[in-house]
Each structure stands twice: as structure tokens, then as C-alpha cells.
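Working notes for the structure below.
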Amino acid sequence: MPPSPITARIAQGVAAVPKADWDACAGSGNPFVSHAFLSILERSGSVGPRAGWQSLPIVIDGADGAPGAIAPAYAKSHSQGEYVFDHGWADAWERAGGRYYPKLQIAVPFTPVPGPRLLLRDESLAPALIGAIEAVTEQNGLSSAHVTFLDEGQLPWFEAAGWLLRAGTQFHWHNQGYAGFGDFLAALSSRKRKAIRKERAAALEGLTVRHLTGAEITEADWDAFWDFYQDTGSRKWGRPYLTREFFSLLGAEMGERVLLIFAEREGSPIAGALNLIGADALYGRYWGCREDVPFLHFELCYYQAIEAAIARGLSRVEAGAQGEHKLARGYAPVTTWSAHYIPDPGFRRAVADFLVREREAVESEQEYLGELMPFRRDR
């Protein structure tokens with residue numbers, strides 16, 4: 001008897017998929033692809049049609065009738081909140097008479113954190129799920145599909161399907177079995193060690209630092225952090241992506257995976273950094289302040305994160321997108337990946353040519369950056 005045909009369906013949002021079924025596919029290692037995190041984005045109004053992120057997860061059911069493979073898919077009417085920039089592609093396609101938007105985005109909104117984008121309870125369904133993404137793109141007349149911040153282990157499936165692969169750079173800190181921050185400093189050159197000690201002393205003068213997680217985080221703490229987030233968001237993106245309700249829901253439903261770090265002056269927070277705790281990594285997400293204190297950003301986002309990761313036995317800190325200034329603080333350049341499906345052959349050729357040149361530039365830059373790492377040469 002021939003095998004039964006595989007049928008994909010589109011769910012009307014993450015919340016439409018039962019939590020247990022979603023998390024059986026997503027696993028527990030990466031908090032950003034969990035049902036809780038993605039559904040909080042929906043329920044808080046941070047994503048939705050009005051935000052230009054219409055949640056349309058693509059689901060393939062397994063032989064037992066429960067979801068065996070899921071892609072967290074969004075119909076996008078713009079390219080904001082993605083951190084893998086395709087504005088030039090959109091301009092070129094529209095100058096040629098095409099419509100770039102809407103497009104299909106397989107991603108975690110507003111989150112440049114590498115992780116699985118094919119959520120698989122049954123890995124044999126990976127090719128079928130990629131085929132379903134392609135079918136949704138073509139059947140709906142979309143210009144393209146983009147899988148951003150893709151876990152490197154899933155690249156071969158997309159490469160086998162003929163998707164275009166794009167490389168980028170982030171800076172991650174790696175725990176080499178350090179017992180404490182002093183061990184990390186000992187691995188650095190003498191000049192870098194002294195510079196970091198001076199930065200930390202200047203940043204913390206007159207301040208105290210608090211680490212909060214779980215039930216320790218109150219609504220007053222979220223109010224303070226919301227002020228910080230709004231200030232940073234309005235300066236960086238023009239308007240904050242997340243709503244105030246998002247943070248309350250995050251604390252209520254994922255508080256044990258949240259690490260909120262405050263710098264306080266006389267008991268009042270003047271700056272804060274929000275991190276999420278994964279199975280083997282600490283993920284730095286947002287930061288903001290109400291006082292301009294030299295080096296305080298580095299202290300809360302990088303050095304305090306390193307201390308927290310060491311204390312928790314985590315293997316790395318991922319401190320977000322971009323930022324060559326992280327290099328001097330011990331964060332190493334790593335390659336991030338995205339995959340792109342473009343049905344139009346002419347447009348695909350143009351993008352493929354661009355990606356070849358871009359990849360060469362990324363590899364050259366990473367080789368150069370690697371030479372600038374602050375570690376002692378005898379290590």
C-alpha cells in the first residue's frame with residue numbers, strides 16, 4: 001500500500017495549537033520558540049495583522065493525528081523587526097514592477113536569536129514542512145519566504161531543497177569552564193583585563209545591582225523596565241515593538257526563565273537589562289536607562305550576563321544583534337544563518353549573485369575580527 005499523502009494546514013495563530021502539542025515539537029531548550037513566548041506576543045497585541053505580523057503557523061500532523069512538524073510562520077507587510085535586512089531586495093523587486101509584500105516570514109518576531117525554525121517532533125517530516133512553506137508561498141502569490149536566524153543544524157534540509165542561504169555575524173561569549181568572572185579575566189591580555197576592571201568600577205560607582213527572576217519580579221519592576229524599553233525602542237526603531245502587556249504576561253507565565261538585571265541609585269532603578277534563560281545559554285534581549293552613566297550598558301548587558309551565565313553553568317551568552325564593541329568584552333564573532341525561497345527565477349538569480357558577494361565579505365570580516373579577540377596569545 002502506498003504511503004498516505006502528507007497534508008499541511010495553516011493554524012490561525014499559535015494560540016490555536018494546543019500548548020502540549022506545540023511544545024512537543026519545539027522542545028524545551030530555546031525559550032523563544034515555546035508556545036508560551038509566541039502566544040504571549042499574540043495575546044499582548046505585539047504581533048497581529050495591525051502590527052504587520054499575521055501569525056499563520058504551518059502544521060503537519062503526524063501518524064497519530066497530533067502535530068509532528070510546525071513552522072512559526074507570519075505574513076509580513078513590511079520588513080521591520082527582523083534584523084536580517086532585505087529592504088534592498090524589496091526596492092529592487094518593486095522597481096522591476098513586482099510586489100515584494102506580503103511575504104512569508106518563518107521567525108520569532110523581534111528576536112535575533114538563532115534557534116530551530118522547523119519545530120519537529122518527527123524529523124522525517126522536515127522536507128515535507130519545507131515543501132509546505134514553498135506551497136503556501138506560491139499558492140498565495142507571495143514574493144518570497146524567509147527563514148531567519150536558523151539553527152545551523154537545520155541548514156542541510158534547506159540546502160537540499162535548493163533554498164538560498166545567507167550568512168551574518170553576531171557576537172557570543174563562550175564559557176570555557178570558568179569558576180568565576182576572575183577566571184574569565186585571567187584569560188584576557190593584561191591590557192584588556194585592566195580596561196574591563198576600570199569600566200566596571202566606573203559603571204558601578206554609587207550604584208547597586210539586583211538580579212531578579214521568577215516571583216521576585218513585581219509589576220513595579222515591569223513598570224520601571226517598560227520606561228527603559230520605551231526610551232531605547234523609540235530611539236532605535238521609531239516606536240517600541242512590544243506592548244506593556246507583553247512584559248506582564250512574560251513575568252506571569254515564563255518568570256522562571258526571565259532574568260531582569262537592574263542598576264539602582266538609592267533604591268530606585270536607573271537602568272535595566274532583560275535576559276531569557278535557555279537550557280544552555282543566557283539570551284540578552286532588551287536594555288534601557290534613565291541616566292547616562294558611562295559603561296553602564298556594558299556592565300549590565302555584558303559583564304553581569306557573563307557572571308550570571310557562569311553562576312548557572314551555561315555554555316554561552318548571546319547578547320543580541322550586531323555590536324563590534326562586544327569583541328573587546330570577550331564576545332567572539334559567530335556566523336548566523338537565514339534561508340530564502342524565491343519562486344521568480346530572475347529575481348532569484350539576482351539575489352543569489354548578491355549573496356555570493358556578501359558571503360565573501362562576511363567571511364573576510366569574521367577572519368579580521370577573530371584576530372582582534374582580547375584573549376592572551378598563549379591560550
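The values are calculated or read from the model by the stated rules, or taken from the named source; none is laboratory data. Nothing here was measured: the structure is a model prediction, and the numbers come from that model. Quick reminder, even Gly has a Cβ in these numbers, built from the backbone with ideal geometry, and neighbours come from all protein chains shown. In case anyone asks, the SASA skips ligands and DNA or RNA and just uses the protein heavy atoms, side chains included. Shrake-Rupley method; radii C 1.70, N 1.55, O 1.52, S 1.80 Å.
Taking all protein chains together and rolling a 1.4 Å probe, His211 ends up with roughly 70 Å² accessible.
If you take all other residues with their beta carbon under 13 Å from the beta carbon of Gly68, and give Lys and Arg +1 and Asp and Glu -1, the sum is -3. Here the Debye sum runs over all C-alpha atoms of the stretch 213-280 as equal scatterers in vacuum, and log10 of I(q)/I(0) at q = 0.28 Å⁻¹ comes out as -1.31. Distance distribution P(r), the stretch 107-207, all Cα-Cα pairs, bin width 10 angstrom from 0: 11, 29, 21, 16, 15, 8, 0 percent. Within the chain, the percentage of alpha carbon pairs spaced more than 37 angstrom apart rounds to 24%.
With a simple spin-label model that places each label point 7 Å from the Cα along the Cα-to-Cβ direction, the separation between Leu327 and Ala20 comes to 5.1 nm.
Each Lys and Arg contributes +1 and each Asp and Glu -1, all at the Cβ; summed about the Cα centre of the chain, the dipole is approximately 740 debye.
The relative contact order of the stretch 137-251, computed from alpha carbon pairs under 8 Å that lie at least 6 residues apart in sequence, is 13 percent. Classify the stretch 143-302: rounded, prolate or oblate, from the alpha-carbon gyration tensor (a ≥ b ≥ c, eigenvalue square roots; a/c under 1.5 rounded; otherwise prolate if a/b is larger than b/c)? Here the stretch 143-302 falls in the oblate category. Multiplying the residue separation of Phe375 and Tyr101 by 0.36 nm and removing their Cα-Cα distance gives an extension gain of 94.1 nm. For the stretch 181-189, the Karplus equation 6.51 cos²θ - 1.76 cosθ + 1.60, evaluated at θ = phi - 60°, returns couplings of 4, x, 5, 4, 4, 5, 7, 8, 5 Hz by residue, with Gly and Pro reported as x.
In this Cβ point-charge picture (+1 for Lys and Arg, -1 for Asp and Glu), the stretch 20-150 has a dipole of about 440 debye about its Cα centre. Ordering Ser189, Ser268, Ser34 by accessible surface, largest first, gives Ser268, Ser189, Ser34; the 1.4 Å probe counts only protein heavy atoms, with every chain in place.
Taking the average, over residues, of other Cβ atoms within 10 Å as the packing measure, peptides 270-280, 288-298, 106-116, 48-58 rank 106-116, 270-280, 48-58, 288-298 from highest down. The tail of the calculated P(r) for the stretch 247-379 beyond 21 Å holds 57 percent of all Cα-Cα pairs.
Quick one: net charge around Ala179, please, counting Lys, Arg +1 and Asp, Glu -1 for every other residue with C-beta under 14 Å from its C-beta.
-1
The phi torsions of the stretch 291-297, fed into the Karplus equation with coefficients 6.51, -1.76 and 1.60 and a -60° offset, translate into couplings of 10, 8, 10, x, 6, 5, 4 Hz, rounded to whole numbers, with Gly and Pro shown as x. Each residue of the stretch 110-122 was assigned a 3J(HN,Hα) from its phi angle through the Karplus curve 6.51 cos²θ - 1.76 cosθ + 1.60 (θ = phi - 60°); the sequence is 6, 9, x, 10, x, x, x, 10, 9, 8, 10, 7, 10 Hz, with glycine and proline shown as x. Specify whether the C-alpha gyration tensor of the stretch 95-142 places it in the rounded, prolate or oblate class, a ≥ b ≥ c being the square roots of the eigenvalues: rounded for a/c under 1.5, otherwise prolate if a/b is larger than b/c and oblate if not. Verdict is oblate for the stretch 95-142. Amide hydrogen proximity for Ala73: with H placed 1.01 Å from N in the peptide plane, the residues at 5 or more positions away or on another chain lying under 5 Å are Leu56, Ile58.
Measuring nothing but how far apart in sequence close Cα pairs (under 8 Å, 6+ apart) lie, relative to its length, the chain scores a relative contact order of 20 percent.
Net charge of the neighbourhood of Pro343, taken over other residues with C-beta under 11 Å away and scored Lys/Arg +1, Asp/Glu -1, is -2. Distances between placed amide hydrogens fall under 5 Å for Gly68 paired with Ile60, Asp61, Gly62, all partners being 5 or more residues away or on another chain. Counting only DSSP beta bridges whose two residues both lie in the stretch 48-190, roughly 80 percent are antiparallel. Across the alpha-carbon atoms of the stretch 138-183, the computed radius of gyration and Dmax are 17.8, 57 angstrom. When you count the other C-beta atoms within 10 angstrom of each residue and take the mean per peptide, 38-44, 86-92, 204-210 line up highest first as 38-44, 86-92, 204-210. Each 10 Å bin from zero holds the following percent of Cα-Cα pairs in the stretch 236-317: 16, 45, 35, 4. Distant-in-sequence amide contacts of Thr336, defined by a placed amide H-H separation under 5 Å and a gap of 5 or more residues or a different chain, comprise Gly168, Thr169, Gln170. The slack in the chain from Ser28 to Glu291, taken as 0.36 nm per residue of separation less the alpha-carbon distance, amounts to 91.0 nm.
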